[in-house]
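Following: one structure in structure tokens, then a few remarks.
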Amino acid sequence: MADKIRDEQTDYLFKAILTLNDLDECYAFFEDLCTISEIREMAKRLTAARMLNNNYIYSEIAEKTGLSTATISRVNRCLKYGNDGYAAILPRLERRK
């Protein structure tokens with residue numbers, strides 16, 4: 001998948017994200033970069049991934065996040081058959097609790 005989106009501009013974006021030092025910088029950068037709706041949608045998908053990883057059922061996830069079951073299914077496919085992006089992030093987040 002990375003090869004499908006990898007180019008100079010995307011590399012520059014991801015390098016920029018990697019320079020962020022704290023939560024406040026993340027908020028400032030992403031609020032400049034994305035709409036609030038886009039940020040909230042990404043946050044909902046990450047929440048769905050965490051919940052799926054913790055064996056919640058679709059209806060519980062839909063109720064908590066407001067995501068459609070189709071979107072939850074897509075997140076689930078990424079968890080099971082994707083590029084292991086969620087698999088890398090979720091344990092790190094759990095360790096930081």
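The values are calculated or read from the model by the stated rules, or taken from the named source; none is laboratory data. For clarity, every value in this text was computed on a predicted model and none was experimentally measured. FYI the Cβ positions are ideal-geometry reconstructions off the backbone, even for glycines, and counts take in every protein chain you see. Each accessible area value is taken on the protein alone, full model and side chains, heavy atoms only, with ligands, DNA and RNA left out. Shrake-Rupley method; radii C 1.70, N 1.55, O 1.52, S 1.80 Å.
Key figures
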{"item": "Set of lysines with alpha-carbon distance to residue 44 below 22 Å, sequence-local pairs under 8 removed", "result": "64, 80, 97"}
{"item": "Solvent-accessible area per residue for the chain (1.4 angstrom probe, square angstrom)", "result": "81 Å²"}
{"item": "Normalised contact order of the chain, rounded percent, pairs of Cα under 8 Å and 6 or more residues apart", "result": "19 percent"}
{"item": "Accessible area of the stretch 19-71 belonging to carbon and sulfur atoms, whole % at 1.4 Å probe", "result": "51 percent"}
{"item": "Within the stretch 11-84: Cβ-based charge dipole about Cα centre, in debye rounded to nearest 20 (Lys, Arg +1; Asp, Glu -1)", "result": "520 debye"}
{"item": "For the stretch 1-81, radius of gyration divided by Kirkwood radius, i.e. Rg to Rh on alpha-carbons", "result": "1.03"}
{"item": "Rounded tilt (10° steps) of 23-33 against the dominant C-alpha axis of the chain", "result": "80 degrees"}
{"item": "Among 85, 52, 30 - extreme Cα towards positive end, dipole of the stretch 24-97, charges at beta-carbon", "result": "52"}
